[in-house]
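Participant: After the structure tokens below, expect a handful of questions from me.
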Amino acid sequence: MNANLSMKAEAFRAMHKSPPILLLPNAWDVVSARIFVKAGTRAIATTSAGIASTLGYPDGEKVSREEMLQVVARIARSVDVPVTADIEAGYATTPQGLGETIRAVIDAGAIGFNLEDATGNSSLPLFEMEEQLARIHAAREAGERAGVSVVINARTDVYLAHVGEPSGRFEETVRRANAYREAGADCLFVPGVTDLPTLTALVRRISGPLNVLAGVGSPSVSELERIGVARLSVGSGIIRATLGVAREAANELLQRGTYTTLERGIPYAEVNELME
């Protein structure tokens with residue numbers, strides 16, 4: 001199994017050499033993953049928020065590691081393309097605990113993962129630099145021990161969590177991203193930035209492939225590819241759009257007694273075909 005995962009990991013790592021930009025719709029279950037594969041995605045990324053909500057939890061590591069990775073495993077078994085898992089901050093506070101998480105990620109059939117530096121603690125919103133570097137080293141070592149050179153997407157939440165004064169966020173983001181790259185990260189993930197000038201500057205200053213979180217109001221894929229962004233993901237954007245349609249359909253049914261929203265759905269037979 002691990003030989004196959006190793007090949008998928010190397011194939012996925014190679015996808016970060018843009019152009020073309022690596023586009024990752026984020027799946028939350030088997031049917032969403034299969035829809036994205038049928039649409040032409042080269043790999044599947046999961047969404048922690050999407051999986052958590054389908055299991056009845058808010059985002060932010062409120063769901064257990066075991067429950068999260070059970071869904072990741074179901075997704076990985078259901079598709080042939082590489083799967084990278086959103087494991088938030090790793091469901092662990094120590095490098096040793098993170099190593100155990102990475103082993104579980106590999107056992108679930110994923111070949112990569114997002115690793116945040118956010119702590120969830122408002123008084124200390126980010127892990128100290130040395131601590132995060134130790135966590136990245138531990139994640140890399142855990143993969144090597146398991147025989148899979150996992151693809152690490154190291155995320156810094158300087159912008160997303162509004163850490164520090166706005167004037168200092170760019171340099172702190174660059175400092176952390178480059179340190180994470182040197183520690184062994186394959187890709188650097190900077191959510192919370194959507195303006196093209198800042199993204200352009202980040203591409204120039206960060207020494208590895210840049211992953212951006214895109215959504216409404218973001219530059220187009222062609223614009224992001226033009227400035228050298230290597231990877232684009234949409235986080236919980238697609239599941240929230242799906243829930244928006246579900247809410248619209250329910251409101252129409254309960255308030256107006258009509259069904260026109262249902263016309264936007266996938267045919268019953270096509271859903272069954274996706275599951276075969």
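Participant: In contact with a Ser or Thr (Cβ under 7 Å, 6 or more places away or on another chain) and farther than 30 Å from ARG74 by Cβ - does that describe any residue in segment 206-215?
Facilitator: The answer is no, given that none of the residues of segment 206-215 is in contact with a Ser or Thr (Cβ under 7 Å, 6 or more places away or on another chain) and farther than 30 Å from ARG74 by Cβ.
Participant: Mind checking whether some residue in segment 119-127 is of a type in the set (A, V, I, L, M), farther than 22 Å from MET15 by Cα and modelled with pLDDT under 95?
Facilitator: The answer is yes, given that some residue of segment 119-127 is of a type in the set (A, V, I, L, M), farther than 22 Å from MET15 by Cα and modelled with pLDDT under 95.
Participant: Okay, moving on. So, of the residues in segment 202-229 that are among the polar types (S, T, N, Q) and surrounded by 18 or more Cβ atoms within 10 Å (Cβ to Cβ), which turns out to be nearest to ASN153 (Cα to Cα)?
Facilitator: Applying the filter and picking the extreme gives ASN211.
Participant: Of all residues in segment 215-247, which are within 13 Å of the chain's Cα centre (by Cα) and of a type in the set (A, V, I, L, M, F, W, C)?
Facilitator: LEU232, VAL234, ILE238
Participant: Now for a separate question. Tell me, which helices (runs of 4 or more DSSP H) lie completely within segment 1-55 with 2 or more residues that are within 18 Å of the chain's Cα centre (by Cα) and under 16 Å from LEU69 (Cβ atoms)?
Facilitator: Counting at least 2 such residues, we get 30-39, 48-54.
Participant: Which residues, counting only those in segment 57-90, are among the basic types (Lys, Arg) and either part of a helix (DSSP H, G or I) or closer than 21 Å to ARG140 by Cβ (or both)?
Facilitator: Answer for segment 57-90, where residues must be among the basic types (Lys, Arg) and either part of a helix (DSSP H, G or I) or closer than 21 Å to ARG140 by Cβ (or both): ARG65, ARG74, ARG77.
Participant: Here's another thing I want to ask about it. Please go through (1) β-branched (Val, Ile, Thr); (2) farther than 30 Å from ASP107 by Cα; (3) in contact (Cβ under 8 Å) with a residue 24 or more places away in the chain; (4) surrounded by fewer than 21 Cβ atoms within 10 Å (Cβ to Cβ) for ILE238 and return the number of the only condition it doesn't satisfy.
Facilitator: (2)
Participant: Among the residues of segment 151-193, how many are charged (D, E, K, R), in a loop (DSSP other than H, G, I, E, B) and touching a residue at least 12 places away in the same chain (Cβ under 8 Å)?
Facilitator: 2
The values are calculated or read from the model by the stated rules, or taken from the named source; none is laboratory data. Fair warning: this is a prediction, and the values are worked out from it, not measured in the lab. Glycine gets a Cβ as well: all are built from the backbone with ideal geometry, and neighbour counts include every protein chain shown.
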